[in-house]
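Written out below as structure tokens is the structure these notes cover.
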There are 2 protein chains.
Amino acid sequence: MSTDRASLLPALKNLATQLRIDSARSTTAAGSGHPTSCFSMADITAALFFSEMRFEPKNPQNPDADRFILSKGHAAPILYAAWAAAGAFDRSELLKLRQLGSDLEGHPTPRLPFVDVATGSLGQGICAAIGCALNARRIGSDYRTYVLLGDGESAEGSVWEAANVGGRDKLDNLCGITDVNRLGQSQPTMWQHDLAQFERRWTAFGWHAIVIDGHDVNAILNAFDEARNTKGRPTMILARTEKGKGVSFTEGKDNWHGKAMKKDELEKAIAELEKQIVPGVGVKGPELIRKPAARERPVVTPTPVPPPSYKLGDQVATREAFGDALAKLGVADPRVVVLDADVKNSTYTDRFEKVAPERFFENFIAEQVMVGAAMGLSARGAIPFPSTFACFLYRAADFVRMAAIGSNNIKLAGTHAGISIGEDGPSQMALEDLAMCTAEPSFTVLYPCDAVSAERLIVEAARVKGPVYVRISRPKTPVIYPNDETFPVGGLKVLHESADDVVTVIGAGVTVFEALKAYDELKSSGTSIRVIDLYSLAPIDTKGLIAAAKATKGRVITVEDHYAAGGVGDAVAGAIADAGFAVHRLAVREIPRSGKPEELLERFGISASHIVAAVASLVGAAVVR
Amino acid sequence: MSTDRASLLPALKNLATQLRIDSARSTTAAGSGHPTSCFSMADITAALFFSEMRFEPKNPQNPDADRFILSKGHAAPILYAAWAAAGAFDRSELLKLRQLGSDLEGHPTPRLPFVDVATGSLGQGICAAIGCALNARRIGSDYRTYVLLGDGESAEGSVWEAANVGGRDKLDNLCGITDVNRLGQSQPTMWQHDLAQFERRWTAFGWHAIVIDGHDVNAILNAFDEARNTKGRPTMILARTEKGKGVSFTEGKDNWHGKAMKKDELEKAIAELEKQIVPGVGVKGPELIRKPAARERPVVTPTPVPPPSYKLGDQVATREAFGDALAKLGVADPRVVVLDADVKNSTYTDRFEKVAPERFFENFIAEQVMVGAAMGLSARGAIPFPSTFACFLYRAADFVRMAAIGSNNIKLAGTHAGISIGEDGPSQMALEDLAMCTAEPSFTVLYPCDAVSAERLIVEAARVKGPVYVRISRPKTPVIYPNDETFPVGGLKVLHESADDVVTVIGAGVTVFEALKAYDELKSSGTSIRVIDLYSLAPIDTKGLIAAAKATKGRVITVEDHYAAGGVGDAVAGAIADAGFAVHRLAVREIPRSGKPEELLERFGISASHIVAAVASLVGAAVVR
């Protein structure tokens, strides 16, 4: 419904007041929450939902609907209130805020159909918004992406990574709004109401900046108009607001962050707010909502991915096979996109770039926005592979955590894992990346050892739903699997087994080859071991591992190019513990250093010779009980 | 030695050429490395070491010596070459670059006496430099801090966190240099040689920016002069350079990133470089070095920290005791500093701020620079406690990794751990923080359950050398220890034991109280369990745990407010595995949600009732073997 500005303004003002009332009520009902952080953004929210955005309240996932990401996730109550006011669900639900039985949680998560990414860890929403905006280009849609940030949040470095990428990529379909309400949690923010500080920064980073009074609805609407008409760069609307706006005892007042009103305070507040309702406004919120253009979107049917074509025994790095698999996926499935952080020539993602340059996103050296943008892309139907050296994915650990919470369909790929990279030294060695990803309950964690398994597992990663991590190595390793071998997620491969096996040795990645060397060496001296390639750490083949442990009288050795905590050993131990089996772990147990890969495997205790010694010691020793 | 500019310039030019030669030679000897990234910064390095900086080559840790941090750590060869040229060690050592036996690693680490923090994960050095600069204020020294960044590195968000803090804190004793050599690893950088892009950004962030030709030594010296004379804000020198400068076949050329020259290329390069040596320059590098002012510094003797003073049974949150302990430490030890990220009123670090405001550093919502600055402060003798909600420390995971590599003496404190925070929901719940810190071999990880142990362990954290993490909880918990109880690092407390114990139950933090409840419940039905408070996860009391496991016939249950991977269960399992014992783990195994703390402990399987059920099941079940 189109409405002239003069009649629109009072309607929006009333909607904003209603949103304030609902935010206050729901947080008081919950006994906690951030009502005053909602009050400051109420006018902006009303203008956004009931005039600017094109969306369908009952079908928020319409691929051509505008997106709204609440980067300052603690203002969740007003997000919920806005969707309720739009008609997405019944307003009475709001009073279940923060209860165990309700999806209206303290901070938004994609359990709610209208939430694309979980927010609440500040500085992430704008990175996800970059991904949503890039996705519009991918699918050729004119939908716009809106993201609302807090002013305190703007101190997060990830915001400026997003600012760089948004400016460089000229994302004029992206509009940020910073709710400059001056007050942080514990004190005034760094720049308080000095809007020029914000303006200077965003302009320097290549954005169109607009400074407005964030409680002047007409100014807000004008700013949205200006943003929509700004071409070649994204817009950041810098809205000067008051925290706690609209209620005399909270407006601009300290010590109200993250506090729900007491019942008597709530009554006073509602009385004050209700007085602000402009009488005689007939129009209702849902009538004002603009709809996205109706558009048929063809169903995407990916073509089959050609199988690997290696020769057994050839020396091929898994990172190279990774690049090849991506290139094949790029041809087969238009949903697959790749994000890089200036290492594409080492990770071999440049092979994807060659076949699908329009779906290859270069973030330069900025891992947080790389993963954050992947989260946004995945929320809009893409299958993104954010890829860099495994150690640098760790820079985005908190994004990984939030992607797990949101169960985003992202496929992290980390190359150059472990000490087997050699001379570059510890700063380039990922030795905690498995811990980062196996910690998260929603993650699938895969770890190929050869080119065939690498290609197969990359295709699996794209296929399974939810967040996946694939750990990839730097060195060349021999191809040990035939091209038609399959690698189901949650499986393992028994590479050697016999009835005489005295110990089960479990490797993954480069240590599979150390286990195989140890097998040969022990075999020649008459000792037989079972060798397992644990290519899937999560989910893990508990049954297969227990069977092996049983067959080798509970003697289990793990060997991994990772620190002792949170890696292969812990994963195996966790899987077989309830069957009563313990695990002897070979892992990196001190800070490593530069050296040749084979020297380092030896020095830090994860080479074949250490496996042989561990087998001897386990077989020799009576198991203490 | 003071030298006039006219005779200084050719000397510095020659030193720069020598540094290029040494960088080329050492990387070719190593067979890997980044010679061309050294070439671009050679003139800057020569000017810095042999004219600008005041330091003692043989005593780099002089507390009044200027600091130099190489943020682009991959240019390590020229850092080493400069220190060798200064006389810190013999130049012949340079040819051992990247060998296992040498401390001249691929990227710098504090194994070398002249390196303050490990670099090589980009964007971190400037954060550490903030800490070094803050430390000069703490100790009342006029030393200056220099930090050299790469241009590609400037895309990292952490750089802009540091920029904000440096500008806000008016750190005019800090001087950055950006080596704008235009070429990244895989392609030209985002802004290439558009120096205005850099200038705009640094100026907007409150720095004095100076654009120069980074190969014009005179211009470099003038820029350093200007920086030294700029008051009230830090300076960023933006130096336009050529990657591979000085050698015809590398200068400004693509595809030379991270590549050592082959032997024949090296010979050609050296021949070209040697031709650039200005003849007849008599003065040698070491003669040019400026010395720091000689100054007596009194030895710091901290006073004893008053013991805790709680009443058994009182309800006190560990976070509150943490704040009290910090306040006591603040009075007792002038080396102790606290860094906050706008949550001081929730973590109670504001109690430290009250007693030692000049040693309290507010970073606002920017966890990376908070931890990075702590690394720099610790390198200069401070004992920093960077503190925020445990989940947000995860934003700085990669800094934690690098602090572990550098064995920096930082004391991370993370409050609001786990699902026991309740209604705020999963984004605010740290459930992987123990994994982050136990993964690192050099970390001490502590986890108090009550106010007495919290105070005691905070004091221990300050006392032990190296990186420490203290996990702190939100809810009030009863005081269970007398005020004179001691908590040695690496210990545990057996809270209940008897000869009849059938199972050992190990809790930590809030789950200690669930274990105690389970004990009471089981006791009343005639079952006796051993209850352990595992307040020290790393180091861990292996002997004590094995003794308990033996006493309870190998039946061990862990219960933790953390995900299953990398937490208490894995730590215990790792400790007792080689004695043949497995661990039954109760942990959070799915993405949690908002709710009341007690509801969540129940719902996600870590409450007393789950412990009781697990005990029953373990005792009932025959142990499979």
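Phi angles across segment A:493-509 convert, under the Karplus curve 6.51 cos²θ - 1.76 cosθ + 1.60 with θ = phi - 60°, into 3J(HN,Hα) values of 10, 8, 8, 9, 8, 8, 5, 8, 4, 9, 9, 9, 10, 10, x, 7, x Hz, Gly and Pro given as x. Label-point distances for B:Thr542 to the equivalent site in the other copies, using a point 7 angstrom along Cα→C-beta, read 2.8 nm when ranked shortest first. Between copies, B:Val502 shows label-point distances of 3.8 nm, shortest first, with the point placed 7 angstrom from Cα along Cα to C-beta.
Shielding of peptide A:565-577 by partners, expressed as the average count of other chain Cβ atoms within 10 Å per residue Cβ, is 6. The B-A contact accounts for approximately 8900 Å² of buried accessible area, totalled over both chains at a 1.4 Å probe radius.
Given a 1.4 angstrom probe, I'd like the percentage of the accessible area of segment A:273-335 that is carbon and sulfur, rounded to a whole number. Present the calculation step by step, with values, prior to reporting the outcome.
Working: 2210 of 3840 Å².
With neighbouring chains kept in place, the figure for segment A:273-335 is 58 percent.
Between the beta carbons of B:Lys262 and B:Val300, assuming R0 = 51 Å, the FRET efficiency works out to 0.45 to the nearest 0.05. Normalising the Debye intensity of segment B:1-48 to I(0), with uniform scatterers on Cα atoms only, and taking log10 at q = 0.25, 0.29, 0.31 Å⁻¹ returns -0.84, -1.00, -1.08. In the context of the full protein assembly, A:Glu226 retains an accessible surface of approximately 80 Å², using a probe radius of 1.4 Å and ignoring ligands and nucleic acids. Across the options B:Val278, B:Phe322, B:Pro292, the greatest Cα extent toward the positive end of the charge dipole of segment B:250-337 (unit charges at beta carbon of Lys, Arg, Asp, Glu) belongs to B:Pro292.
With the cut-off at 1.5 for a/c, could you classify segment A:1-141 from its C-alpha gyration tensor as rounded, prolate or oblate? The shape class here is oblate. Across all Cα atoms of segment A:202-301, the radius of gyration (one decimal) and Dmax (whole number) stand at 19.5, 58 Å. Just list whichever of B:Lys245/B:Lys291; B:Lys96/B:Lys253; A:Lys344/B:Lys259 have alpha carbons separated by over 19 Å in the model shown. From B:Lys245/B:Lys291; B:Lys96/B:Lys253; A:Lys344/B:Lys259, over 19 Å: B:Lys245/B:Lys291; B:Lys96/B:Lys253. For segment B:86-134, heavy-atom accessible area (probe 1.4 Å) falls by no less than 50 Å² from the chain alone to the full protein assembly at B:Arg98, B:Leu100, B:Glu105, B:His107, B:Arg111.
Tell me, what % of the accessible area of segment A:500-625 is carbon and sulfur with a 1.4 angstrom probe? Write down the numbers at each step before the final one.
Numbers: 2230 of 4090 Å².
Answer for segment A:500-625: carbon and sulfur cover 54 percent of the accessible area.
Within the same chain, aspartates and glutamates fewer than 8 places from B:Lys58 are excluded, and of the rest, those with a Cα less than 19 Å from its Cα are B:Asp66, B:Asp90, B:Glu93, B:Asp103, B:Asp116, B:Glu287, B:Glu296.
Counting, for every residue in A:581-591, the Cβ atoms of other protein chains within 10 Å of its Cβ and taking the mean gives 4.
When restricted to Cα atoms, segment A:79-152 yields an Rg and a Dmax of 14.0, 40 Å, respectively. With the simple spin-label model, which puts each label point 7 Å out from Cα in the Cβ direction, the B:Arg111 to A:Asn229 separation comes to 6.3 nm. Per residue of chain A, the DSSP helices (runs of n ≥ 4 H) give a summed -39500 (n - 2.57) that works out to -11500 deg cm²/dmol at 222 nm.
What is the mean number of Cβ atoms from other protein chains located within 10 Å of the Cβ atom of each residue in peptide A:332-341, rounded to a whole number? Write out the running numbers ahead of the final one.
Numbers: counts 0, 0, 0, 0, 0, 0, 0, 0, 2, 7.
That average works out to 1.
Sorted shortest first, the separations between the B:Asp314 label point and its copies elsewhere in the assembly read 7.2 nm; each point sits 7 Å from Cα along the Cα-to-Cβ line. Straight-line reach from B:Lys493: taking Cα to Cα under 22 Å and skipping same-chain neighbours fewer than 8 places apart, the lysines in range are B:Lys311, B:Lys476, B:Lys517, B:Lys523, B:Lys543, B:Lys550, B:Lys553. R0 = 35 Å: FRET efficiency of A:Lys553 with B:Ser498, Cβ-based, nearest 0.05? Once the sixth-power term is evaluated, E becomes 0.60. The charge dipole of the protein assembly as shown, taken about the Cα centre with unit charges on the Cβ atoms of Lys, Arg (+1) and Asp, Glu (-1), comes to about 80 debye, rounded to the nearest 20.
Between the helical axis of A:195-204 and the longest alpha-carbon principal axis of chain A there is an angle of about 50 degrees.
Give the dimensionless ratio obtained when the Cα radius of gyration of the protein assembly as shown is divided by 2.2 N^0.38 Å. Provide the component values of the computation, followed by the final result.
On the way: Rg = 29.9 Å, N = 1250, 2.2 N^0.38 = 33.1 Å.
This ratio for the protein assembly as shown stands at 0.90.
At a threshold of 30 Å², the residues of segment A:361-405 that become less accessible to a 1.4 Å probe in the full protein assembly than in their chain on its own are A:Phe364, A:Ile365, A:Gln368, A:Phe392, A:Tyr394, A:Arg395, A:Ala397, A:Asp398, A:Arg401, A:Ile405.
Accessible area ranking (1.4 Å probe, heavy atoms, ligands and nucleic acids excluded), largest first, for A:His562, B:His257: B:His257, A:His562.
When the accessible area of segment B:158-218 is split by element with a 1.4 Å probe, what percent falls to carbon and sulfur? Of the solvent-accessible surface of segment B:158-218, carbon and sulfur hold 43 percent. Couplings 3J(HN,Hα) for segment A:33-42, derived from phi with the Karplus relation 6.51 cos²θ - 1.76 cosθ + 1.60 (θ = phi - 60°), are x, 10, x, 6, 6, 7, 4, 5, 9, 5 Hz, where x marks Gly and Pro. Residue by residue, segment B:436-442 carries 3J(HN,Hα) couplings of 4, 8, 5, 4, 7, x, 8 Hz when phi is fed to the Karplus relation 6.51 cos²θ - 1.76 cosθ + 1.60 (θ = phi - 60°); x denotes Gly or Pro.
Computed over the Cα atoms of segment A:176-237, the ratio of the radius of gyration to the Kirkwood radius (Rg/Rh) comes to 1.00. Would you work out which of B:Gln192, B:Ser154, B:Trp202 lies farthest towards the positive end of the dipole of segment B:145-207? Charges go on Cβ: Lys and Arg +1, Asp and Glu -1. Of the listed residues, the answer is B:Trp202. Under 5 Å from the amide H of B:Arg290 lie the amide H atoms of B:Phe55, each residue being 5 or more positions distant or on a separate chain, with H modelled from the backbone and absent for Pro and chain starts. Taking amide H as placed 1.01 Å from N in the peptide plane, the amide H of B:Val470 sits under 5 Å from that of B:Leu412, B:Ala413, B:Gly414, B:Leu446, each at least 5 places away or on another chain.
Normalised per residue, the accessible area of segment B:1-122 is 26 Å², obtained with a 1.4 Å probe and no contribution from ligands, DNA or RNA. So which residues of segment B:149-179 lose at least 50 Å² of accessible area, probe 1.4 Å, when you go from the chain by itself to every protein chain present? When all protein chains are present, B:Ala155, B:Glu156, B:Asn164 each give up 50 Å² or more of accessible surface. In this structure, the amide hydrogen of B:Ile69, modeled 1.01 Å from its nitrogen in the peptide plane, lies closer than 5 angstrom to those of B:Tyr146, B:Val147, B:Leu148, counting only residues at least 5 positions away or on a different chain.
Given charges of +1 on the Cβ of Lys and Arg and -1 on the Cβ of Asp and Glu, with all other atoms neutral, how large is the dipole of segment B:399-504 about its Cα centre, in debye to the nearest 20? Can you show the working numbers first?
On the way: 9 positive and 13 negative charges, 105 e Å.
Dipole magnitude for segment B:399-504 comes out near 500 debye.
Taken about its Cα centre, chain A carries a charge dipole of about 860 debye when Lys and Arg each add +1 at the Cβ and Asp and Glu each add -1 at the Cβ.
As an exercise, take the mean of 1/r over every pair of distinct alpha carbons in segment A:335-479, invert it, and state the Kirkwood radius in angstroms. Provide the component values of the computation, followed by the final result.
Values: mean 1/r = 0.0674 Å⁻¹.
14.8 Å is the Kirkwood radius here.
When every Cα-Cα distance of segment A:437-587 is counted in 5 angstrom steps from zero, the calculated P(r) takes the values 2, 10, 20, 23, 21, 15, 7, 2, 0, 0 percent. Give the angle, between 0 and 90 degrees and rounded to the nearest 10, that separates the Cα long axis of helix B:542-551 from the longest principal axis of the Cα atoms of chain B. Approximately 20 degrees, to the nearest ten.
Eigenvalues of the alpha-carbon gyration tensor of chain B, scaled by 5 and square-rooted, set the equivalent ellipsoid semi-axes at 52, 25, 21 angstrom, largest first. With q set to 0.10, 0.12 Å⁻¹, the log10 of I(q)/I(0) for segment A:516-625, from the Debye formula over equal scatterers at the Cα positions, is -0.29, -0.42.
Sequence-distant contacts, meaning Cα pairs under 8 Å at least 6 residues apart, place the relative contact order of chain B at 12 percent.
Helix B:217-228 and the longest principal axis of the C-alpha atoms of chain B enclose an angle of approximately 50°.
Positive-end ranking of B:Phe352, B:Gln368, B:Thr301 along the dipole of segment B:286-430, with charges on Cβ about the Cα centre, is headed by B:Thr301.
The values are calculated or read from the model by the stated rules, or taken from the named source; none is laboratory data. Keep in mind that what you see is a predicted model, and the values were worked out from it rather than measured. Don't worry about glycine lacking a Cβ; one is built from the backbone with ideal geometry, like all the others, and counts go over all protein chains shown. Just so you know, the surface numbers come from the protein's heavy atoms only, side chains and all, with ligands and any DNA or RNA stripped out. Shrake-Rupley method; radii C 1.70, N 1.55, O 1.52, S 1.80 Å.
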